[in-house]
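Single-structure report; data block below.
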Ligand SMILES: *[C@@H]1O[C@H](CO)[C@@H](O)[C@H](O)[C@H]1NC(C)=O
Ligand SMILES: *[C@@H]1O[C@H](CO)[C@@H](O)[C@H](O)[C@H]1NC(C)=O
Ligand SMILES: *[C@@H]1O[C@H](CO)[C@@H](O)[C@H](O)[C@H]1NC(C)=O
């Protein structure tokens, strides 16, 4: 930091001294409290669990002036975290002592760091009868997760399930047959059956994520099946598979935010295994995907992809990665995609959405900087809401280089 060389009035300097001292005093207090809590925690892990997670909320409080009683009130609330939460997140001694793989003699089960920022929701979520039935609280759980409490803490209860569960159809029939209504717990959704979901595009007003996706006789039927038209934003699966140098080398992959997993179903027909990430935004997306006979993965776009480096052959994502995601998060996300793709693997960025010159100034340079080879890159205007909005789409087929150049 640059300091001006002008001399300041004495009062000004004294004021600064005061600020310095008081902020140091606060730091000192926090340290003191923190170390006393660490001590407690050695003595009794059950009452002061989740210290690690909670500490930042103590330190990063914005108000500059706080006295000891205020701070201990706050400690009181953190200690008041639900007992089941503490039971799960407390460091647990490994029965056989030091484990060299873990480099520790205890294990600390993880939850999303922001969980404790929402104590009310967390308390409701973690309050249930141990060994009993979980409340039907899918909506609450998903809200908590989307706020950053991801992964959610585990619970010791049985999830709500249909009384008379109907088992899925066999493959390949299951891929294109609407499952039984009795395979879903409908509590969290506006619709209470599949016929309602299938007709909601025509019968219900307002926006819903993937509003027409449940209709397997509708648009889903023809997605990615071609024919490939040059200059079109809609690439076909066959066209994408033909883009790799070695035929048959695309076998496993991921579809990020894949709606009802029609991409995975189409790939399954080609003996390619695709895992589909999806939330349940006003629809039983995960249940539906599973009923079709492909794998749903219930993680948000914020979470690190649960795959090892250089492992997947293909990652696809349509309509999800777009300008609604904060640019820094998007930057991390693109690198994460790059990380899990194997060399020679394909990233199919399908209908990336943005406005006007955002593509040229922000997103194209961002995507280009990651290190992919451009196999296909098509930019088109999105005209469905009018030309004057200057909405744009990018569809791209990007390859992770076989030889690394970094
Ligand atoms: C739940 O079940 C386990 C295993 O039977 C038992 O040890 C525990 O005491 C039970 N907890 C409650 C609260 O019922
Ligand atoms: C599905 O739900 C709608 C209302 O959401 C209802 O009118 C209709 O009768 C239900 N259909 C079936 C087959 O249960
Ligand atoms: C998929 O695998 C099955 C069993 O190995 C085989 O019979 C079928 O021809 C394959 N389908 C395609 C499209 O490769």
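The values are calculated or read from the model by the stated rules, or taken from the named source; none is laboratory data. Treat the numbers as computed from the prediction; the structure is a model and nothing was measured. Reconstructed Cβ throughout: ideal geometry from the backbone, glycine too, with neighbour counts over all protein chains shown.
List of remarks:
- Boolean, residue 306 is without any contact (Cβ under 8 Å) to a residue 24 or more places away in the chain and within 25 Å of residue 272 (Cα to Cα): yes
- Condition met for residue 173 (out of contact with any helix residue (DSSP H, G or I) (no Cβ under 6 Å at 6 or more places or on another chain), surrounded by 15 or more Cβ atoms within 10 Å (Cβ to Cβ) and at pLDDT 95 or above): no
- Checked against (1) buried (at least 17 other Cβ atoms within 10 Å of the Cβ); (2) assigned to a loop (DSSP other than H, G, I, E, B); (3) in contact with a strand residue (DSSP E or B) (Cβ under 7 Å, 6 or more places away or on another chain), residue 249 passes all but condition (1).
- Residue within segment 125-136 that is within 16 Å of ligand 3 (Cβ to nearest atom), surrounded by 14 or more Cβ atoms within 10 Å (Cβ to Cβ) and within 26 Å of the chain's Cα centre (by Cα) present: no
- Condition met for residue 182 (in contact with a strand residue (DSSP E or B) (Cβ under 6 Å, 6 or more places away or on another chain) and without any contact (Cβ under 8 Å) to a residue 40 or more places away in the chain): no
- Just one residue in the set 179, 153 is at pLDDT 95 or above, over 26 Å from the mean Cα position of the chain (by Cα) and buried (at least 17 other Cβ atoms within 10 Å of the Cβ); that residue is 179.
- Criterion applied to 379, 362 was being in a strand (DSSP E or B), surrounded by fewer than 18 Cβ atoms within 10 Å (Cβ to Cβ) and touching a strand residue (DSSP E or B) at 6+ places or on another chain (Cβ under 8 Å), and the one residue passing it is 379.
- Residue check for residue 285: within 19 Å of the chain's Cα centre (by Cα) and crowded, with 19+ Cβ neighbours inside 10 Å: yes
- Inside segment 105-124, residues that are surrounded by fewer than 14 Cβ atoms within 10 Å (Cβ to Cβ) and more than 16 Å from residue 80 (Cα to Cα) make up a count of 4.
- Of everything listed in (1) loosely packed, with under 14 Cβ neighbours inside 10 Å; (2) closer than 17 Å to residue 279 by Cα, the single unmet condition for residue 93 is (2).
- Filtered residue count, segment 258-297, keeping only those that are more than 19 Å from residue 174 (Cβ to Cβ) and either in the same structural domain as residue 319 (by TED's automatic domain parsing) or within 16 Å of ligand 2 (Cβ to nearest atom) (or both): 1
- Applying the criterion of being touching a strand residue (DSSP E or B) at 6+ places or on another chain (Cβ under 8 Å) and assigned to a helix (DSSP H, G or I) to the residues of segment 260-286, the residue that is nearest to ligand 1 (Cβ to nearest atom) is 286.
- Hits in segment 382-393 (condition: surrounded by 13 or more Cβ atoms within 10 Å (Cβ to Cβ) and without any contact (Cβ under 8 Å) to a residue 60 or more places away in the chain): 382, 389, 390, 391, 392
- Flag if residue 296 is modelled with pLDDT of 95 or more, part of a loop (DSSP other than H, G, I, E, B), touching a strand residue (DSSP E or B) at 6+ places or on another chain (Cβ under 9 Å) and away from ligand 1 (no atom under 16 Å from the Cβ): no
- Residue within segment 161-168 that is farther than 30 Å from residue 86 by Cα, more than 25 Å from the chain's Cα centre (by Cα), surrounded by 17 or more Cβ atoms within 10 Å (Cβ to Cβ) and free of Cβ contacts under 8 Å to residues at least 60 places away in the same chain present: no
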